[in-house]
Amino acid sequence: MFQPDIPQNTGTILRMGACLDVAVHIIEPAGFPFSIKALRRSGMDYVDHVQIHRHADWVAFEQWRQAAGRRAILLTTKASRPYTDLIYRKDDILICGQESKGAPQFVHQSCADRVLIPLQAKMRSLNVAIAASMVLGEALRQTDGFPALPDGAAGEHRL
């Protein structure tokens, strides 16, 4: 998440990360006071089950990402490639821009690819947490990355 500015969306994405065993990276500064203590206090018990990586800024994130040799994929309304047309890798990093402004040009330029979710004409965008869940779901489907069902639990999981 690039400089998230809506705490509820951040909480939703952290919960998704916990449930799907996917790490969440927060590229600061956030547009709200961001702390693990505050998340726990607001009832986010999922925070104990998600890997959260905080980066002081974009430069720190990029240094980490490049050292790890991971590809960055930006979710943006300014892309021309539908998210379902990309071939994902297990170690891809999906980048979501700020809810209020999207991602600045330097983020666009740093990403290996940019994908969009096709929408009806005249519709601007989906909520960032919904968009992240759709694209992550496709990436996990392609890479067989969903958590395994417990033995004998087929069909018993709830949403």
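The values are calculated or read from the model by the stated rules, or taken from the named source; none is laboratory data. Here the structure is a predicted model, which means the values were calculated and not measured. FYI the Cβ positions are ideal-geometry reconstructions off the backbone, even for glycines, and counts take in every protein chain you see.
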Members of the range 110-152 found to be over 17 Å from Arg71 (Cα atoms) and among the hydroxyl-bearing types (Ser, Thr, Tyr), listed by number: Ser125, Ser133
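For residues that are aliphatic (A, V, I, L, M), surrounded by 12 or more Cβ atoms within 10 Å (Cβ to Cβ) and out of contact with any Phe, Trp or Tyr (no Cβ under 7 Å at 6 or more places or on another chain), tally how many sit in the range 21-60. Before the answer, list the steps.
We begin by selecting, within the range 21-60, every residue aliphatic (A, V, I, L, M); these are 22-24, 26-27, 30, 36, 38-39, 44, 47, 50, 52, 56, 59-60.
Going one step further and asking which of them are surrounded by 12 or more Cβ atoms within 10 Å (Cβ to Cβ), we end up with 22, 24, 26-27, 30, 36, 38-39, 44, 47, 50, 52, 60.
From the residues that got through so far, the ones that are out of contact with any Phe, Trp or Tyr (no Cβ under 7 Å at 6 or more places or on another chain) too are 22, 24, 30, 36, 38-39, 44, 47, 50, 52, 60.
Of the residues in that region, 11 qualify.
Only one of Leu86, Leu74, Leu14, Leu94 is in contact with a Cys (Cβ under 7 Å, 6 or more places away or on another chain) and within 22 Å of Leu126 (Cβ to Cβ); which? Steps first, please.
Details: Leu86 fails: in contact with a Cys (Cβ under 7 Å, 6 or more places away or on another chain); Leu14 fails: in contact with a Cys (Cβ under 7 Å, 6 or more places away or on another chain); Leu94 fails: in contact with a Cys (Cβ under 7 Å, 6 or more places away or on another chain).
Result: Leu74 is the single residue among Leu86, Leu74, Leu14, Leu94 that is in contact with a Cys (Cβ under 7 Å, 6 or more places away or on another chain) and within 22 Å of Leu126 (Cβ to Cβ).
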If Ser125 passes every condition in (1) among the small types (Gly, Ala, Ser); (2) under 18 Å from Ala18 (Cβ atoms); (3) at pLDDT below 95 but one, which one does it miss? (2)
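Pick out the one residue from Ile52, Ile13 that is within 13 Å of the chain's Cα centre (by Cα), over 17 Å from Glu99 (Cβ atoms) and modelled with pLDDT of 90 or more.
So the residue among Ile52, Ile13 that is within 13 Å of the chain's Cα centre (by Cα), over 17 Å from Glu99 (Cβ atoms) and modelled with pLDDT of 90 or more is Ile52.
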Where Ser80 falls short, out of the listed (1) in contact with a Lys or Arg (Cβ under 6 Å, 6 or more places away or on another chain); (2) among the hydroxyl-bearing types (Ser, Thr, Tyr); (3) loosely packed, with under 13 Cβ neighbours inside 10 Å: (1)
What single numbered condition from (1) within 12 Å of the chain's Cα centre (by Cα); (2) farther than 16 Å from Ser133 by Cα; (3) among the small types (Gly, Ala, Ser) fails to hold for Gly31? (1)
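Do the conditions hold for Ser35, that is, is it hydroxyl-bearing (Ser, Thr, Tyr) and over 24 Å from Ile6 (Cβ atoms)? I'd like the intermediate steps shown before the answer.
Numbers: hydroxyl-bearing (Ser, Thr, Tyr): yes; over 24 Å from Ile6 (Cβ atoms): no.
For Ser35, the condition - hydroxyl-bearing (Ser, Thr, Tyr) and over 24 Å from Ile6 (Cβ atoms) - is not met.
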Exclusive hit being acidic (Asp, Glu), surrounded by 13 or more Cβ atoms within 10 Å (Cβ to Cβ) and at negative phi, set Asp5, Asp85: Asp5
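To keep it simple, each residue is scored yes or no on (1) touching a residue at least 60 places away in the same chain (Cβ under 8 Å); (2) surrounded by fewer than 19 Cβ atoms within 10 Å (Cβ to Cβ); (3) of a type in the set (Gly, Ala, Ser).
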residue	(1), (2), (3)
Glu62	no, yes, no
Leu75	yes, no, no
Leu94	no, no, no
Arg114	no, no, no
Ser125	no, yes, yes
Ser133	yes, yes, yes
Arg141	no, yes, no
Out of Asp92, Asp45, Asp5, which single residue is within 26 Å of Leu149 (Cβ to Cβ) and either at pLDDT 95 or above or within 16 Å of the chain's Cα centre (by Cα) (or both)? Asp92
